[in-house]
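Note sheet for the following structure.
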Amino acid sequence: MQVKGLIARHPDTPLTSGQFSLRPLQAGDVSIDILYCGVCHSDLHMARNEWGVSHYPLVPGHEIVGRVRETGAAVSRYQPGDIVGVGVMVDSCGDCQFCQQHEEQYCEQGFTPTYNGTDRYTGKTTLGGYAQQIIVDQNFVVSVPDNLPLHGVAPLLCAGVTVWSPLMHYNLQPGQKVGIIGLGGLGHMAVKLASALGAEVTLFTTSPAKGEDALRLGARRVVISGDAQQMADCAQQLDLILDCVAAPHSLDPYLSTLKTNGRLVLVGIPDNPHPGPEVTPMVFRRLSVSGTSIGSIAETQQMLDFCGKHNIIADVEVIGGEGIEEAFSRMLAGQIKYRFVIDMQRTHWDFSA
């Protein structure tokens, strides 16, 4: 089956519209008409081959919301007309200890990414959500609450669950004090979710201009991380910090704001390593630095249900697919609050470079 999508054909050329084939519908598959797809910064990295792993032609997109078009004969969870989501994964081995304990994101064989991965049925490269349709195994499809605006749901499938997962894994409790470093696509969802879970949220930022917005999103306090006095005033106050910044920076100033037994969790992935933290304070106050990947399918559904209950969506700007290169440019310049989302129904599919 041929569908239209936005295709990267070379790292040095813009995405253009084109056609590609979907795999045949398998017994356990769900065919989805895509309504919205979020624009993640990793989409830009992959389109430009900045990580050196891109396979062309490449169709980005892993923050997908759509309507079920058709289901395979063995599908029991969904039916045509259902509103569903697809995130960063579309398959995994299913047999390893992590798949068996419903943590597919840590599959020992590596999960199958929604795009630029290897389809386990066909052996071909997976193609993502900057497109009219997608076919996905039912076990990697989630239900979308019917009370949420769908354009604001799309980024929850990556940005939302990526920060939700560590909040769940480290058992965040109401009343605990949480720090969020950075107010971008990940950080703004971390502020919203942590505050809705009952935490007292402190946002760390290098930009004073982001303070008012952070408070609007749910932060209790905003700290300018370059201000030594403001940082000193936070000393040993926080239970948990989520570091959502994808640029190298010293972790030491933030570790100093943790209580004894506190934990700093790395969510953003910098292009170059962070400077190594000072070991002495970590040893004497039993501090931990850890990392976390995207969330599992179960956590994604849990997060969506929570967002439905609390009316939480991402702050987005909706574009047509023909605006993707301008969106990439504005992302690089930091000119977006906080996520672009492509509306497939308003996309003109006949544009070219």
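The values are calculated or read from the model by the stated rules, or taken from the named source; none is laboratory data. No experiment lies behind these values; they were computed from the predicted model shown. Neighbour counts run over all protein chains shown; Cβ positions are idealised from the backbone, glycine included. Surface accessibility is based on the protein's heavy atoms, side chains included, excluding ligands, DNA and RNA. Shrake-Rupley method; radii C 1.70, N 1.55, O 1.52, S 1.80 Å.
A single entry from SER195, SER165 fulfils the requirement of being outside any loop (DSSP other than H, G, I, E, B), of a type in the set (Gly, Ala, Ser), farther than 11 Å from ILE241 by Cα and open to solvent by 10 Å² or more (accessible area, probe 1.4 Å): SER195.
When restricted to residues that are free of Cβ contacts under 8 Å to residues at least 60 places away in the same chain, assigned to a loop (DSSP other than H, G, I, E, B) and farther than 20 Å from VAL163 by Cα, the range 224-283 contains 15.
For the condition surrounded by fewer than 20 Cβ atoms within 10 Å (Cβ to Cβ) and either within 29 Å of LEU148 (Cβ to Cβ) or modelled with pLDDT of 95 or more (or both), what is the one hit in VAL316, VAL283? Of the residues listed, the single one that is surrounded by fewer than 20 Cβ atoms within 10 Å (Cβ to Cβ) and either within 29 Å of LEU148 (Cβ to Cβ) or modelled with pLDDT of 95 or more (or both) is VAL283.
If you filter the range 265-280 down to residues that are open to solvent by less than 40 Å² (accessible area, probe 1.4 Å) and closer than 29 Å to ILE7 by Cα, you find that the one that is modelled with the highest pLDDT is VAL267.
Could you tell me whether ASP243 is acidic (Asp, Glu) and within 20 Å of THR114 (Cβ to Cβ)? Here the answer is no, as ASP243 does not meet what is asked.
For the range 91-121, a residue qualifies if it is surrounded by 15 or more Cβ atoms within 10 Å (Cβ to Cβ), in a loop (DSSP other than H, G, I, E, B) and of a type in the set (D, E, K, R), and the qualifying residues are GLU103, ASP119, ARG120.
If the condition is being under 20 Å from the mean Cα position of the chain (by Cα) and part of a helix (DSSP H, G or I), then the range 202-223 contributes ALA214, LEU217. Of the candidates VAL283, VAL267, VAL318, VAL289, the single residue that is closer than 30 Å to MET168 by Cα and touching a Cys at 6+ places or on another chain (Cβ under 7 Å) is VAL267. For LEU215, only one of the following conditions fails: (1) of a type in the set (A, V, I, L, M); (2) touching a strand residue (DSSP E or B) at 6+ places or on another chain (Cβ under 7 Å); (3) surrounded by 21 or more Cβ atoms within 10 Å (Cβ to Cβ). What is its number? Condition (3) is where LEU215 drops out.
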